[in-house]
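What follows is a set of notes on a single structure, which appears directly below.
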Amino acid sequence: TKAKAEARLKEQEAKAALSNKNSRESLPARARDCEWKFLKGTDKNSNEYLLLHHAKTGSVIEMHDYSDGQFTYRSGTGSMVRCVSTPGEVVPFQFTHSQLVSKLEKGGGKSLPKDKSIELGNYKVRGDEDGAAM
């Protein structure tokens, strides 16, 4: 049934989140450097986008230049993709640029810089001692 499927999905997400948390915390701060990689580009409609991927946990964040706060994310490998809307609603969603998510998962992209911010529309993202700051 639908309720059982949702319960199984929540259980899988909880296990993935715990596994990702344990993986993150087992690393010393210096080892976490450069684990966030990014891809930035423009789609066929001239919309700019930015994708971030954490190599150890599998977390992914997708942002678009036209957004005033909405973004799409996956909290870790095996987790459900969700969208956070501008007013803060969290709903199931899918990545717009799933082919680029695959590219990042295979090690593509550039390391997130710590010395300057990457800007996209209303967003500024940079690496810091704990990983990434947005």
Give 4/106; 44/116; 2/40 a once-over and call out the pairs whose C-alpha atoms are over 31 Å from each other.
4/106; 2/40
Using only the C-alpha atoms of the stretch 37-132, find the volume of their convex hull and express it per residue in Å³.
102
Spatial separation of Cα centroids for the stretch 35-63 and the stretch 79-134, in angstrom
5
Separation between the residue 9 and residue 110 pseudo-spin-labels, each 7 Å from Cα along Cα→Cβ, expressed in nm?
3.6
Karplus (6.51, -1.76, 1.60) ³J(HN,Hα), θ = phi - 60°, over the stretch 6-12, in Hz, Gly and Pro reported as x
5, 5, 4, 5, 4, 5, 4
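Laboratory data are not the source of any read-out in this text; all were calculated from the coordinates shown. Nothing here was measured: the structure is a model prediction, and the numbers come from that model. As a convention, Cβ positions derive from the backbone with ideal geometry for all residues, glycine included, and neighbour counts pool all protein chains shown.
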